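See below for the structure under consideration.
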Amino acid sequence: MSGTWVRRALVAVVFGVSVVTLAPTTAAYAGLAAGPEQRPGQGEKAAGERMVLVGIPGLMWSDVTPADTPALWRLAGESAIGSLSARTVRKDGTCPYDGWLTVSAGVRSAVGGRCGMAPTPEASGAGAVVPEFSWLWEVREQRDAGSLGQALHTAGRTTMAVGPGAALALADRAGRVDVYAADAGQVSDWTRADVVAVEIPDLIAPYISADRLSEVPEAVSSQARRAAARAADAKLGSLLPRLGQATVLVAGVGDHGPVPHLRVAMLRGPGAGPDGAGAGGPGRTLGARSTHRDDMIILPDLTATILARAGVAAPPNVVGVPVETHGTGGGSLAEDVAALRTADVAGQTIRNTTGVFFTTLAVLQVLFYLTAFLLLRRRDRLPAVRSAAVALAAIPASTYLVNLLPWARTAQPVLTLFASIAAIAAALTLVALTGPWRRAVLGPLTVIAAVTAAVLLGDLLTGTPLQLNSLMGYTGVVGARYYGLGNIPFALLATAVLLVTTAVADRLVRSGRKSVAVALIAVLGAFAMLLDGWPGVGSDFGGVIAFVPGIAVTAMIVAGRRVSVVKLGAFCAAGGVLVMTIAYLDYLRPPASQTHLGRFAGQVADGTFLPVISRKLGAMLATLLSPNLMPVVIAAFAFLVFALLRPGTASAGVLPVAFERAPTLKAGLLGALVSGVVGMLVNDSGAAVLSMALALAVPLVLSAGIRALQYGEPAPAATTPIPPAGLAG
């Protein structure tokens, strides 16, 4: 049996017993760690295209115009174009050193400390050596540095670098490139190497001081930036005619300050033209399966693309995938570029306003609970409290639905974004409170929960266009996630699904069809959970672990069964086994098709998973001190506990009467809380998961109780009463 199948068999055993304790097997990195020695096949030159990577750190699509940068504009018309998310390890901006180092490593990397430009190579014959290159993996623990250059040399490919950053990108494990020039003017023959990297530093140079990238968001004036862009364009314009028929990949491999942006990515070569065959005009976008976006790639994709186009197999540590081109439907170049500029505006707007949004949401939640406490004690203004509760619960869905509107294209995107969210939330509240379902105890609750669940499930099935660049989603500018179900959307989806299924189950229980109600909760919950965790759809690891116990607890309570702590632990373990099985199936696919779930399975296989767990645990613990999240958790939990222990004092008995009028509602609330608590513990977003579950569930349950109290609807006569307590000690 081969070593590969032995490793896979061991991983299967690990997943089957839900134990992540596999002995490290580092053979995948042995060749890289050994340095520049010969590998099997070295010297056998593989067939492939002649590749040229042109890195222009700091370049954005807003810099590219027909007047200021004619060479870039012409090249864009001959290329597939897209956005580059230049995120590496740092949260605030990617310096050119980190950008080039990430291309070298094929995985997000950082040199540490305040960084700027790459070090100047030392001449060695026709080539050069990056000084003290081994320092990167020996001191800075960047063990993957040199992966690109080593893979090229192992396959017998020659490398040429123009500029220090380019040398860092193409250096092998000894820090060596075959041919080196400080600038393009020193190169007389561009055919001397199979793979060429060129650094054009003119645009980033004004932002560098004392060899460090400026910490000021915009360190130079707009006029100075335009002049720098024109200088970079002039160099590119003189370079392109000299490259002949080489495939050209242009990328903005870094940020120009501490604020991250989406950068330029272009590919001119086979498959990049409007007909998919070659160059020739606008109409193609540049995307990758790493982002699951047709118009966005990440830095490690540059590594994978260079290797693939050069006919060289990528080392196993390279997390990027070769870029792909897609048709745009025949739009003009100006329209395509405008769309890419808008994407950066949207990402910047979301990044800059997320803190304000969550602070505002936390304040509204706390004020609501305080006001509800005071008014419910006197049974005063019940309709107003109910309306406010429904409106608060309508906000999450509104943050996704707003992306159906072109708010980022307006002159005031921030104002338009918040005004649109408020308008959509008001419309959802009006529909929930005035429709034919308004008189039912669970009517408005069912409407808001159903809309929230439908929006998120529909978004998953269509490639998550609504979560991208949303306040409760993610953005390519930040680069924490590019597709699938984020942690906050998971909390909302799990809560909404459990509430809406128990609302429908309530009618089934009333009619004596309890078994059907339990089956409904299990089937619909399982469907949502599988979409949440399936690779390429939700791709959510921790969500599956948290969703399984939430569904099980809800179904058991509706069935009239007690849930003990032991059973709850078993449900959590079942969720772990399930998601590990999904990850293992993803791991069995070709590396280029794997998601982060499959890559985690690979890390389990080679014993490198502990840093991932440690990093996520640290991130989760950090959220427990969040001033935007914990107030929501504390206020909602305090209101729930007080309202249940002292119903007459705290809430005029609205929660007990809600559970009396709708017996399954308690099951849905408890299931949502279980998913929220478990989700908080297993996700790096931590308190964000629980806070959003509470932010949706508690106001909706409270609105149902007010409706029951306000109209005095008689309690239903269930065929088999549900026990008053769902969780047993």
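Here are the numbers for this structure:
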item: Number of positions in segment 658-673 that are assigned to a helix (DSSP H, G or I) and either open to solvent by 20 Å² or more (accessible area, probe 1.4 Å) or of a type in the set (Asp, Glu) (or both); result: 6
item: Test for residue 493: is it within 30 Å of residue 83 (Cβ to Cβ), of a type in the set (A, V, I, L, M) and either touching a residue at least 40 places away in the same chain (Cβ under 8 Å) or open to solvent by 10 Å² or more (accessible area, probe 1.4 Å) (or both); result: yes
item: Segment 349-375: number of residues that are closer than 30 Å to residue 73 by Cα and either among the hydroxyl-bearing types (Ser, Thr, Tyr) or open to solvent by 20 Å² or more (accessible area, probe 1.4 Å) (or both); result: 3
item: Single match in 206, 217, 270 (criterion: within 32 Å of the chain's Cα centre (by Cα), open to solvent by 30 Å² or more (accessible area, probe 1.4 Å) and closer than 22 Å to residue 305 by Cα); result: 270
item: Within segment 326-340, tally of residues that are part of a loop (DSSP other than H, G, I, E, B) and buried (at least 16 other Cβ atoms within 10 Å of the Cβ); result: 1
item: Qualifying positions in segment 501-517 - under 26 Å from residue 545 (Cβ atoms) and crowded, with 24+ Cβ neighbours inside 10 Å; result: 501, 502, 503, 505, 517
item: Filter result for residue 212 (in contact (Cβ under 8 Å) with a residue 24 or more places away in the chain, open to solvent by 60 Å² or more (accessible area, probe 1.4 Å) and in contact with a Ser or Thr (Cβ under 9 Å, 6 or more places away or on another chain)); result: no
item: Residue under evaluation residue 232, criteria (1) assigned to a helix (DSSP H, G or I); (2) without any contact (Cβ under 8 Å) to a residue 40 or more places away in the chain, criterion not met; result: (2)
item: Hits in segment 558-590 (condition: closer than 15 Å to residue 539 by Cα and of a type in the set (Phe, Trp, Tyr)); result: 584, 587
item: Subset of segment 537-588 (residues that are in contact with an Asp or Glu (Cβ under 9 Å, 6 or more places away or on another chain) and not aliphatic (A, V, I, L, M)); result: 538, 539, 540, 542, 543, 547
item: Residue 98 being touching a helix residue (DSSP H, G or I) at 6+ places or on another chain (Cβ under 8 Å) and among the charged types (D, E, K, R); result: no
item: Elements of type helices (runs of 4 or more DSSP H) in segment 48-138, at least 3 residues being open to solvent by less than 50 Å² (accessible area, probe 1.4 Å) and touching an Asp or Glu at 6+ places or on another chain (Cβ under 9 Å); result: 70-77, 96-105
item: Qualifying residue in segment 532-541 (condition: at pLDDT 95 or above and open to solvent by 10 Å² or more (accessible area, probe 1.4 Å)); result: no
item: Any hit, segment 611-621, residues being crowded, with 19+ Cβ neighbours inside 10 Å, in a loop (DSSP other than H, G, I, E, B) and of a type in the set (A, V, I, L, M); result: no
item: Residue 343 at pLDDT 95 or above, outside any loop (DSSP other than H, G, I, E, B), in contact with an Asp or Glu (Cβ under 8 Å, 6 or more places away or on another chain) and open to solvent by 10 Å² or more (accessible area, probe 1.4 Å); result: yes
item: Condition check for residue 445: in contact (Cβ under 8 Å) with a residue 60 or more places away in the chain and in contact with a Gly (Cβ under 7 Å, 6 or more places away or on another chain); result: no
item: Residue among 430, 508 that is in contact with a helix residue (DSSP H, G or I) (Cβ under 8 Å, 6 or more places away or on another chain) and at negative phi; result: 508
item: Complete set of residues in segment 408-452 that are within 16 Å of residue 394 (Cα to Cα), open to solvent by less than 40 Å² (accessible area, probe 1.4 Å) and outside any helix (DSSP H, G or I); result: 435, 442
item: Single residue of 523, 455 found to be free of Cβ contacts under 8 Å to residues at least 40 places away in the same chain and either assigned to a helix (DSSP H, G or I) or among the small types (Gly, Ala, Ser) (or both); result: 523
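The values are calculated or read from the model by the stated rules, or taken from the named source; none is laboratory data. Quantities reported herein were computed from a predicted structural model and do not represent experimental measurements. Cβ coordinates were reconstructed from backbone atoms using ideal geometry, including for glycine residues, and neighbour counts include every protein chain displayed. Remember, those area values only see protein heavy atoms, side chains included, never the ligands or the DNA or RNA. Shrake-Rupley method; radii C 1.70, N 1.55, O 1.52, S 1.80 Å.
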